[in-house]
Every structure is written in C-alpha cells, then in structure tokens.
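Below you'll find the structure, written out as structure tokens, and then a few comments.
The values are calculated or read from the model by the stated rules, or taken from the named source; none is laboratory data. Everything numeric in this text was worked out from a predicted model, so none of it was measured. Neighbour counts run over all protein chains shown; Cβ positions are idealised from the backbone, glycine included. Just so you know, the surface numbers come from the protein's heavy atoms only, side chains and all, with ligands and any DNA or RNA stripped out. Shrake-Rupley method; radii C 1.70, N 1.55, O 1.52, S 1.80 Å.
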Amino acid sequence: MHYSGFAVLKEGLSGNRGWTPAWRKAEPKPSYDVVIVGGGGHGLATAYYLAKNFGITNVGVLEKSYLGSGNVGRNTTIVRSNYLLPQNIAFYERSMKLWEGLAQDLNFNTMVSQRGILNIIHSDGQRNAYVRRGNAMRLSGVDAELLDREQVREFLPYADFDNARFPIRGALMQPRAGTVRHDAVAWGYARGADMRGVDIIEHCEVTGFRIENGQVRGVETSRGFIAVPKVALAVAGSTSRVGEMAGLRLPIEAHVIQAFVTEGIKPLIDHVVTFGAGHFYVSQSDKGGLVFGGDLDGYNSYAQRGNLPVIEDVAEGGLALFPSLGRLRILRNWAGLLDMSMDGSPIIDKTHVAGLYLNAGWCYGGFKATPASGESFAHLIARDEPNELIQPYRLDRYASGALLDEKGVGPQPNLH
C-alpha cells in the first residue's frame, strides 16, 4: 500500500486494520535470473535498483538470518561525502544525493537528518590536512566549510577547548552530512524491491556454489539448490568466507568494530562530531541517547562482539573532547563485522568466475555508501560492465598498482 498522511488518518479512524506487511515472506523458487547473497543494505538496494532501473524483477535476495540482522543494523548511522580522493568524493557524493531524495523515492520514512558533521582540528598539521581535504571537496562541487576556534565554540560550547593535550583549534564542516535511521533503510529498500516483484528469502543460508566450466550455474542453500546464471555477493564481513566457497581469494580482512548508546538526555549534540586526536565520533539520536563509536578491535575476527579495552579507549576519546559525558551511563553496545580492504576503498567488480559479482571491502564506509553502491552494483549486474563511478573500484587494481589509499597508510587494513 502507498504510505501517506491520508493513509495514516484513514487507518487511525478504522482501527488500523488495513495495514499490510511491508514485504512478503517469500519461498525460494527453483531458479532466478539473479540471486543476491546478503539481505543487508547493499544487497537490498541492489535488488531495488535492478527492478527499478533495469526492469529485472526475477531476483532472489538470500539472507541467512532475519532481514537487516547484519551490519546495516549495527552501525552508527552516519552519512557523509567528505573524502579527499576525487574517485571517492564522486562516489560518496552520489550516495549523498540519493540519500536526500530516498524517502520520497521509496515512499518510506528513512529519517534522513542532515545535521552536519564537524571534524575537529587539534594541531596546525591537522589544519593543513583538513584544508587540503576541504579544497578537494569544493573543487568537486561538494559543500565544505573551514571553521576557526570561535566558530566551533558556537556549535559546541560544551566541548573542552583548552585541553592541555588536545586543544581545539577549528574544524572542517560538511553541512549536508548527517544521520539516517539504519534499520529503516533496510525496511524501505526491502519494501520497494518486494513491491516490484523481488523475492526476499530470510533464513536461507548459502552453503556452496555450483560452477561448471568457469560459469556459475547456481547456489546451494540450506533450503535447497537454486539455479541461477548470475550471483551477486553482498555479505560485508563474511565476504572472505562466502567467497572462499566459490574459489575466491580476496585482498580483505575481517575486523570487528563496536558501537555504543547512552541513556537518553535532553538535546545536547546537534551535529555529528569527530575527535581529531583519536578515533571517536558521536551524534544524538531522536530518543536522546548519544550514539558513538571508535577504533576497530585490532584483531581479525568473524564474531559480532568486541572487547573491553576498546570500550575504554573509545570512552577516553569521548571524555577528552566532552568531559560532561562522564556522567552518562552506557545502556548497551554492539559490534559489526567489517571487511577491510588493503587500501581502504571498496571493491565492486566481476570476478574470474563468469556470472559471479563482488561487492566488498567497505571498511568504515559501508552504510553511507548504501544507495550509490546498490545503484552501481545493479548496473554492473544488468549490463555486465561497471558504470563511471565504480571504474576505480575494480578488483585488479591491486595487481596494477592503481590503489585508492584515502588515508595514505599503505596496505594495512586495520589502519584504514
């Protein structure tokens, strides 16, 4: 059904008996034109754009658990396009533009809040780096503002400006950045894809691939074999394990990253804020809780749980920037599983197996990339060639040396 103010009023007056499920509980068919492995944001967005942009509706999305149980519901909801390299700026800016019209496109409230992001500056060297990034953004037509100390104070009067170790000297701000309700993104794309005929199949784990003469012929699942000529992998932190079943050896590592939410308080932090002298980022949810995160846990893992030393490190970073946070209680924390690439940039490409497509290596950028990733991945699957945005994200760039090292730290996945 179409969601609208009139529909809400009508259902309210009729006892809310007319609402229908947002998507069908589909059973797997014997065959599809395309199977997407992974029922998270990227997989669902890909299915939606395959149906909407290319008219490919005989699509099955396979999720081993419940829809949205992976990273799409385990992040800190931040969206931005404040990158340095022109290839990354173009891609994430496309995603920002899709975010801005997503609720209207999906007819679903994704709760896009463009509250702005402030990257805090603590040293002269850091200011130079952010000036360079801001100039690169503006040369690419992306909004960026360099703030001095007093301008930052107007936005964040409660911050510790005179911390002996980390004095605040300014900030780089992207006003159009912000947050989006993460589970609403999964639900909205699922609903939109389902309305166009896509089958969303939950509790259906892929256990193997049937490959003959270098061509994918189907997937083995916990609910039987499905014949299909095109299979798209969008499984985030499990990419290396799923890819191994198809004979893929990929330049990625799996790492755990934790996120946290505090008890609800009155409006305090109006923007997304990042601590420039450590790894800490925070925003305030509509319920009043402060949502924040920090560094990876520092070791390879496939477990969706973190360790206590990282909790301590993230808390220390937050208190160095906002000492008043020490009075708050953390209600809960959770962990997501990231597939960290060797240069910190994603991989969207065909593989050496005909009909097998890869969407992986998102590092910290997975959630914010969801719309552009789905749109571009759908183009690759439908046309069997990349669009302009993902040309730089080819898998063979590691062999050719055309790396996209956004941070300039070399082939160290845990540092990206």
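Might you check whether a residue that is closer than 30 Å to Val152 by Cβ and either in a loop (DSSP other than H, G, I, E, B) or not β-branched (Val, Ile, Thr) (or both) occurs anywhere in the stretch 341-349? If you could, list the steps in order and put the result at the bottom.
Filtering the stretch 341-349 down to residues closer than 30 Å to Val152 by Cβ leaves 344-345.
With either in a loop (DSSP other than H, G, I, E, B) or not β-branched (Val, Ile, Thr) (or both) added as a condition, the list becomes 344-345.
Among the residues of the stretch 341-349, at least one is closer than 30 Å to Val152 by Cβ and either in a loop (DSSP other than H, G, I, E, B) or not β-branched (Val, Ile, Thr) (or both), which makes the answer yes.
Exactly one condition in (1) within 21 Å of Leu356 (Cβ to Cβ); (2) at pLDDT 95 or above is not met by Glu27; state its number.
Condition not satisfied by Glu27: (1).
What is the number of the single condition among (1) assigned to a loop (DSSP other than H, G, I, E, B); (2) open to solvent by 10 Å² or more (accessible area, probe 1.4 Å) that Leu389 does not meet?
Failed condition: (1).
One line per residue, one yes/no per condition, for (1) among the aliphatic types (A, V, I, L, M); (2) open to solvent by 20 Å² or more (accessible area, probe 1.4 Å); (3) farther than 19 Å from Tyr158 by Cα:
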position	(1), (2), (3)
Asp286	no, yes, yes
Pro309	no, yes, yes
Gly317	no, no, no
Leu325	yes, yes, no
Asn333	no, yes, yes
Gly336	no, no, yes
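Within the stretch 378-389, identify whether any single residue is closer than 20 Å to Asp343 by Cα and among the small types (Gly, Ala, Ser), and answer yes or no.
no
For residues in the stretch 143-169 being assigned to a loop (DSSP other than H, G, I, E, B) and open to solvent by 80 Å² or more (accessible area, probe 1.4 Å), which is farthest from His122 (Cα to Cα)? Before you say what the answer is, go through the steps one by one.
So the first thing to find is which residues in the stretch 143-169 are assigned to a loop (DSSP other than H, G, I, E, B), and the list is 143-144, 156-169.
Now restrict to residues that are open to solvent by 80 Å² or more (accessible area, probe 1.4 Å): 157, 162, 164-165, 169.
Working: Pro157: 16, Asp162: 10, Ala164: 11, Arg165: 9, Arg169: 5 Å.
Taking the candidates together, the pick is Pro157.
Here are some residues: Gly60, Gly43. Which one is touching a strand residue (DSSP E or B) at 6+ places or on another chain (Cβ under 7 Å) and in a helix (DSSP H, G or I)?
Matching residue, one of Gly60, Gly43: Gly43.
Assuming Asn414 fulfils every condition listed in (1) over 23 Å from Met137 (Cα atoms); (2) not in a helix (DSSP H, G or I) apart from one, which condition is it?
(2)
Would you please name the residue that is surrounded by the most Cβ atoms within 10 Å (Cβ to Cβ), looking only at residues in the stretch 8-26 that are within 26 Å of Glu202 (Cβ to Cβ) and of a type in the set (A, V, I, L, M, F, W, C)?
It comes out as Trp23.
Among the numbered conditions (1) over 25 Å from Ala259 (Cβ atoms); (2) charged (D, E, K, R); (3) touching a strand residue (DSSP E or B) at 6+ places or on another chain (Cβ under 9 Å), tell me where Arg80 comes up short.
Of the numbered conditions (1) over 25 Å from Ala259 (Cβ atoms); (2) charged (D, E, K, R); (3) touching a strand residue (DSSP E or B) at 6+ places or on another chain (Cβ under 9 Å), the odd one out for Arg80 is (1).
Among the listed residues Lys407, Lys368, which satisfies the condition of being part of a loop (DSSP other than H, G, I, E, B), open to solvent by 50 Å² or more (accessible area, probe 1.4 Å) and not hydroxyl-bearing (Ser, Thr, Tyr)? Write out each step before concluding.
Values: Lys368 fails: open to solvent by 50 Å² or more (accessible area, probe 1.4 Å).
Unique residue meeting the criteria: Lys407.
Quick check on my filter: what residues within the stretch 255-305 are among the aromatic types (Phe, Trp, Tyr) and at pLDDT 95 or above?
The first filter runs over the stretch 255-305 and keeps only residues among the aromatic types (Phe, Trp, Tyr), leaving 260, 275, 280-281, 292, 299, 302.
Once the filter is applied, which keeps residues that are among the aromatic types (Phe, Trp, Tyr) and at pLDDT 95 or above, the stretch 255-305 yields Phe260, Phe275, Phe280, Tyr281, Phe292.
Every residue in the stretch 222-234 that is surrounded by fewer than 21 Cβ atoms within 10 Å (Cβ to Cβ) and in a strand (DSSP E or B), please. I'd like the intermediate steps shown before the answer.
Residues of the stretch 222-234 surrounded by fewer than 21 Cβ atoms within 10 Å (Cβ to Cβ): 222-225, 227, 229-230.
Across the stretch 222-234, the qualifying residues are Gly224, Phe225, Ala227.
Is there a residue in the stretch 75-87 that is part of a helix (DSSP H, G or I) and surrounded by fewer than 22 Cβ atoms within 10 Å (Cβ to Cβ)? Lay out the reasoning, then the answer.
Step one: of the stretch 75-87, the residues part of a helix (DSSP H, G or I) are 86-87.
Among the residues that remain, those that are also surrounded by fewer than 22 Cβ atoms within 10 Å (Cβ to Cβ) are: 86-87.
Yes, that holds for at least one residue.
Taking the stretch 172-196 as the search range and keeping residues that are open to solvent by 10 Å² or more (accessible area, probe 1.4 Å) and part of a helix (DSSP H, G or I), which one is nearest to Ser113 (Cα to Cα)?
If we take residues in the stretch 172-196 being open to solvent by 10 Å² or more (accessible area, probe 1.4 Å) and part of a helix (DSSP H, G or I), then His182 is nearest to Ser113 (Cα to Cα).
Kindly check whether there is at least one residue in the stretch 237-246 that is within 30 Å of Val152 (Cα to Cα) and open to solvent by 20 Å² or more (accessible area, probe 1.4 Å).
Within the stretch 237-246, the subset within 30 Å of Val152 (Cα to Cα) is none.
There is no residue in the stretch 237-246 that is within 30 Å of Val152 (Cα to Cα) and open to solvent by 20 Å² or more (accessible area, probe 1.4 Å).
Tally the residues that are open to solvent by 20 Å² or more (accessible area, probe 1.4 Å) and not acidic (Asp, Glu), restricting the search to the stretch 41-67.
Narrowing the stretch 41-67 to residues open to solvent by 20 Å² or more (accessible area, probe 1.4 Å): 42, 52-58, 63-66.
Imposing the further condition that a residue be not acidic (Asp, Glu) reduces the set to 42, 52-58, 64-66.
Adding up the residues that qualify gives 11.
Return the pairs, sorted by first residue and then second, in which the second residue is open to solvent by less than 20 Å² (accessible area, probe 1.4 Å) and outside any loop (DSSP other than H, G, I, E, B), the first residue lies in the stretch 61-86 and is within 18 Å of Gly116 (Cα to Cα) and charged (D, E, K, R), the beta carbons are less than 8 Å apart, and the residues are 6+ apart or on different chains.
Matching pairs, first to second residue: Arg80/Tyr92; Arg80/Met96; Arg80/Ile117; Arg80/Gln174; Arg80/Gly178; Arg80/Val272.
When only residues in the stretch 377-399 that are at pLDDT 95 or above and small (Gly, Ala, Ser) count, which is nearest to the chain's Cα centre (by Cα)?
By that ranking, first place goes to Ala378.
Based on this model, can you work out whether Gly264 counts as exposed (fewer than 14 other Cβ atoms within 10 Å of the Cβ), in a loop (DSSP other than H, G, I, E, B) and of a type outside the set (D, E, K, R)?
Criteria not met by Gly264.
Do we find that Val273 is part of a strand (DSSP E or B) and crowded, with 22+ Cβ neighbours inside 10 Å in this structure?
Details: part of a strand (DSSP E or B): yes; crowded, with 22+ Cβ neighbours inside 10 Å: yes.
Criteria met by Val273.
Based on what the data block shows, is Val219 at negative phi, surrounded by 22 or more Cβ atoms within 10 Å (Cβ to Cβ), in contact (Cβ under 8 Å) with a residue 60 or more places away in the chain and in contact with a Phe, Trp or Tyr (Cβ under 7 Å, 6 or more places away or on another chain)? It would help to see each step written out before you state the result.
Details: at negative phi: yes; surrounded by 22 or more Cβ atoms within 10 Å (Cβ to Cβ): yes; in contact (Cβ under 8 Å) with a residue 60 or more places away in the chain: yes; in contact with a Phe, Trp or Tyr (Cβ under 7 Å, 6 or more places away or on another chain): yes.
For Val219, the condition - at negative phi, surrounded by 22 or more Cβ atoms within 10 Å (Cβ to Cβ), in contact (Cβ under 8 Å) with a residue 60 or more places away in the chain and in contact with a Phe, Trp or Tyr (Cβ under 7 Å, 6 or more places away or on another chain) - is met.
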